[in-house]
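Working notes for the structure below.
The values are calculated or read from the model by the stated rules, or taken from the named source; none is laboratory data. All values derive from a computational prediction rather than experimental measurement. Cβ atoms come from the backbone with ideal geometry, glycine included; neighbour counts cover every protein chain shown. Just the protein is used for accessible areas: all its heavy atoms, side chains included, with ligands, DNA and RNA removed. Shrake-Rupley method; radii C 1.70, N 1.55, O 1.52, S 1.80 Å.
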Amino acid sequence: MSDATLPLRPAGSRAASVGDRFFALAATSAGVLVLVLLSAIILSLFVEGLPSFRAFGLNFLIDTDWDPVQEVFGAGVPIFGTVVTAVLALLLAVPLAFGIAFYLTEIAPAWFRRPVGTAIELLAAVPSIIYGMWGFFVIVPIMGDDVQPFLTDWLGDVPWIGFLFQGAPFGTGILTAALVLAVMIIPFIAATMRDVFNTVPPVFKESAYGLGCTTWEVMRSIVVPYTRASVVGGIMLGLGRALGETMAVTFVIGNTNRIPTSLFGPGNTIASIVALEFPESHTGSLKLSSLLALGFILFVISFIVLAISRLLLRPRSA
Amino acid sequence: MKLVSTALAITLAAFTVGAQAQQITGAGATFPAPVYAKWGEAAKAAIGIELNYQAIGSGGGQNQIINRTVDFGASDAPVDGAKLEQNHLLQFPTVMGAVVPIVNLPGVEANKLKLPSELLADIYLGKITKWNDPRLVEANRDVKLPNVAIAPVYRADGSGTTFVFTSYLSAVSPDWKAQVGAATSVKWAAGNGAKGNDGVAATVKQVRGAIGYVEYAYAKQNKLATTQLRNKAGQFVSPTLAAFTAAADAGDWHNAPNFAVNLIDTAGTEAWPIVSATFILLPKNPVDPERSANVMKFFDFAFKNGDEIATSLDYIALPAGVKDAVRASWHADIRGPGLAAIWK
């Protein structure tokens with residue numbers, strides 16, 4: 001071999017190529033494992049839930065009866081509770097999160113952005129059981145003693161919407177659950193919004209300012225239209241978390257298998273009913289099967305929401 | 001280096017000590033978990049049997065022992081005879097407990113409120129909604145009942161406490177039996193759910209006019225306002241240890257198959273009406289006879305020396321005759337290889 005010939009492969013190529021192949025294989029199987037695990041979970045939930053789907057058919061989705069003594073199970077109340085609390089939480093959280101993101105990207109002085117941003121990320125890291133205890137011991141008494149009686153007095157007799165604000169002031173219920181959930185998802189939505197607002201090319205904003213736009217006009221006409229899809233994606237991400245939240249909701253929702261007629265009424269969510277009923281469900285019982293079927297339904301709902309959020313959050317093509 | 005070898009020696013020593021204590025594992029009911037834990041400490045010191053008990057709930061305990069993943073299961077609700085037979089399980093009681101109503105009524109002292117049993121059922125059925133309902137006033141001439149809405153609170157998680165409480169309501173109210181029934185979780189007609197004894201207690205404390213039900217031990221240790229109940233003999237009784245013992249004595253232990261004695265609404269004149277035993281499930285054909293023998297040794301020790309611990313934790317100890325009957329059933333039913341009795 002002459003000195004002039006360059007080696008086609010680096011020295012020790014044989015060993016390296018084995019190592020490369022091994023690494024590629026390991027990485028591939030790690031990636032595939034995720035898919036296998038995911039489908040295994042879906043499949044086992046579905047198979048275990050099958051006896052319940054067989055027994056109750058499609059009615060399982062809308063039946064509001066949950067009677068362990070008579071072995072009649074319906075998912076109507078938990079599905080209703082899950083969707084209503086999550087949507088209410090979004091209604092409360094989105095405007096606040098938008099305000100936070102707007103403030104952080106457009107108004108806050110540069111030195112102040114970092115501490116507030118960090119605080120938001122820390123809020124997202126608080127374990128949900130802490131939110132649950134805080135909700136139960138702090139928010140529930142406030143709701144029961146002050147907020148709910150106040151709302152009943154002021155809005156309870158208003159035609160059309162009055163019924164939403166009636167009922168015994170327990171402090172727990174749909175509204176309290178939505179409130180605690182809102183606090184929990186605000187950091188997610190605010191952080192996503194801030195990040196996507198920052199992706200707006202400065203030249204767009206500068207041009208608008210140059211034309212004499214106010215900060216609000218820049219936000220409304222430049223930033224929001226530019227990032228609309230991503231913002232909705234971030235909201236869906238928050239919705240995904242709100243749907244699956246278990247402990248915090250269990251503490252404050254009142255845990256009742258009836259469709260609430262009032263915002264103060266107690267209800268149930270899929271996650272909380274599964275957490276509460278699971279320990280006392282016997283192997284092979286219809287109850288256990290129904291709980292696993294509920295798990296499957298929650299999985300499907302969350303899957304759809306997350307899929308939409310991914311779709312909307314994908315980087316915009318040029 | 002020296003540090004490492006010292007650490008190693010200590011670790012090894014710890015292992016040897018650990019190996020001397022023989023471990024038994026159990027899982028199930030949360031209600032007796034505190035007394036099992038105390039018995040476990042005492043037994044480890046006295047007879048070298050270490051109990052590893054996981055309070056995962058009665059249903060979980062039954063599942064685990066049916067799958068034989070633990071040495072014994074524990075359940076608050078007695079398991080029915082056919083299921084015991086099918087899974088080759090022996091059932092025996094360990095201690096008893098009482099369930100008591102708790103209320104939050106400003107101006108009404110503990111154990112002053114008298115609750116006729118059918119009214120308690122009607123409160124939980126949502127038929128009586130105000131504390132100054134004429135029927136409640138009728139029963140409580142000496143108490144001034146406020147015009148406050150009744151807020152019933154129940155256990156939202158499946159629990160043996162709920163099973164005992166709903167068994168009582170089913171026993172005293174035909175309406176309850178027909179509309180709701182008895183189970184670890186039921187279809188409640190009124191009220192709010194809370195998680196665990198502590199959740200029920202906290203909710204009752206927070207809501208004016210609330211009524212809930214908890215284990216007596218929990219009510220006593222947290223100084224909750226309990227009520228009187230009317231028993232089968234027509235007497236109003238307060239929840240006291242004497243009243244619970246009276247209920248236990250009135251039970252028909254010797255004719256109950258699998259010790260599944262009914263202590264709900266017994267006939268004794270002084271008896272508290274909501275008392276129940278908690279049970280252990282033991283395989284009749286143990287995979288490991290030695291471990292099974294250790295489980296029996298453990299409970300034998302607890303029967304002999306554990307009454308004081310049980311009473312101090314506000315449980316009710318079994319009558320001596322019942323303990324003997326349990327030992328006799330160990331001898332008769334638990335068989336090792338070659339069908340030899342494990343408990344001699």
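Some notes on this structure:
- Of the residues making up region B:165-187, those that are in contact with a Leu (Cβ under 9 Å, 6 or more places away or on another chain) and touching a residue at least 24 places away in the same chain (Cβ under 8 Å) are B:Y168, B:L169, B:V172, B:S173, B:D175, B:W176, B:Q179, B:V180, B:S185.
- For region B:145-228, the strands (runs of 3 or more DSSP E) that sit wholly inside it and include 1 or more residues that are in contact with a Pro (Cβ under 7 Å, 6 or more places away or on another chain), within 13 Å of another protein chain (Cβ to nearest Cβ) and under 25 Å from A:I253 (Cα atoms) are B:192-194, B:210-215.
- Sole exception among (1) in contact with a Leu (Cβ under 8 Å, 6 or more places away or on another chain); (2) not in a helix (DSSP H, G or I) for B:V35, by number: (2)
- Checklist (1) closer than 28 Å to B:R208 by Cα; (2) open to solvent by 50 Å² or more (accessible area, probe 1.4 Å); (3) within 14 Å of chain B (Cβ to nearest Cβ) applied to A:E71, failing item: (1)
- Cβ-Cβ under 9 Å pairs, at least 6 apart or on other chains, region B:297-312 side of a type in the set (S, T, Y), far side open to solvent by 80 Å² or more (accessible area, probe 1.4 Å): B:S312/B:K38
- Unmet requirement for B:Q62, which otherwise passes all of (1) within 16 Å of B:D288 (Cα to Cα); (2) within 11 Å of chain A (Cβ to nearest Cβ); (3) of a type in the set (S, T, N, Q): (1)
- Residues that are of a type in the set (F, W, Y) and farther than 22 Å from B:Q221 by Cα within region B:241-274 comprise B:W253, B:F259, listed in sequence order.
- The set of residues in region A:272-281 being more than 7 Å from chain B (Cβ to nearest Cβ) and open to solvent by 10 Å² or more (accessible area, probe 1.4 Å) consists of A:V274, A:A275, A:F278.
- Lone unmet requirement of (1) open to solvent by 20 Å² or more (accessible area, probe 1.4 Å); (2) among the small types (G, A, S); (3) in a loop (DSSP other than H, G, I, E, B) for A:S207: (3)
- Filtering region B:104-144 to residues that are away from chain A (no Cβ under 14 Å) and part of a helix (DSSP H, G or I) leaves B:S117, B:E118, B:L119, B:L120, B:A121, B:D122, B:P134, B:R135, B:L136, B:V137, B:E138, B:A139.
- Whichever residue in region A:162-182 is open to solvent by 50 Å² or more (accessible area, probe 1.4 Å) and touching a helix residue (DSSP H, G or I) at 6+ places or on another chain (Cβ under 7 Å) and, among such residues, is nearest to the other protein chains (Cβ to nearest Cβ): A:P169
- Some residue of region B:290-307 being buried (at least 22 other Cβ atoms within 10 Å of the Cβ) and part of a loop (DSSP other than H, G, I, E, B): yes
- For region B:315-326, the set of residues classified as surrounded by 20 or more Cβ atoms within 10 Å (Cβ to Cβ) and not in a helix (DSSP H, G or I) consists of B:Y315, B:I316, B:A317, B:L318, listed by residue number.
- Residue within region B:267-288 that is more than 17 Å from the chain's Cα centre (by Cα), among the charged types (D, E, K, R) and part of a helix (DSSP H, G or I) present: no
- Failed item in (1) part of a helix (DSSP H, G or I); (2) among the polar types (S, T, N, Q); (3) open to solvent by 30 Å² or more (accessible area, probe 1.4 Å), with A:S52 passing the rest: (3)
- Output for region A:144-158, where each listed residue is within 12 Å of chain B (Cβ to nearest Cβ) and either open to solvent by 80 Å² or more (accessible area, probe 1.4 Å) or part of a loop (DSSP other than H, G, I, E, B) (or both): A:D145
- Residues of region B:229-246 that turn out to be farther than 16 Å from B:V143 by Cβ, open to solvent by 30 Å² or more (accessible area, probe 1.4 Å) and outside any loop (DSSP other than H, G, I, E, B), as a count: 3
- Number of positions in region B:52-70 that are touching a Lys or Arg at 6+ places or on another chain (Cβ under 9 Å) and open to solvent by 30 Å² or more (accessible area, probe 1.4 Å): 1
- Every condition in (1) open to solvent by less than 60 Å² (accessible area, probe 1.4 Å); (2) under 24 Å from the mean Cα position of the chain (by Cα); (3) not assigned by TED's automatic domain parsing to the domain that holds B:T203 holds for B:K38 except the one numbered (1).
- Failed criterion for A:G284 (all others in (1) within 14 Å of chain B (Cβ to nearest Cβ); (2) open to solvent by 30 Å² or more (accessible area, probe 1.4 Å); (3) touching a helix residue (DSSP H, G or I) at 6+ places or on another chain (Cβ under 7 Å) hold): (3)
- One residue stands out in region A:237-258 among those that are farther than 14 Å from A:A191 by Cβ and among the aliphatic types (A, V, I, L, M): the one that is surrounded by the most Cβ atoms within 10 Å (Cβ to Cβ), namely A:V249.
- Region B:327-344 - residue that is modelled with pLDDT under 80 and over 20 Å from B:N87 (Cβ atoms) and, of those, least open to solvent (accessible area, probe 1.4 Å): B:A340
- Residue satisfying all of: in region A:216-258; in contact with a Gly (Cβ under 7 Å, 6 or more places away or on another chain) and not in a helix (DSSP H, G or I); nearest to A:L312 (Cα to Cα) among these: A:I253
- The set of residues from region A:102-143 being within 14 Å of chain B (Cβ to nearest Cβ) and either open to solvent by 80 Å² or more (accessible area, probe 1.4 Å) or over 20 Å from the mean Cα position of the chain (by Cα) (or both) comprises A:M133, A:W134, A:F136, A:F137, A:V138, A:I139, A:V140, A:P141, A:I142, A:M143.
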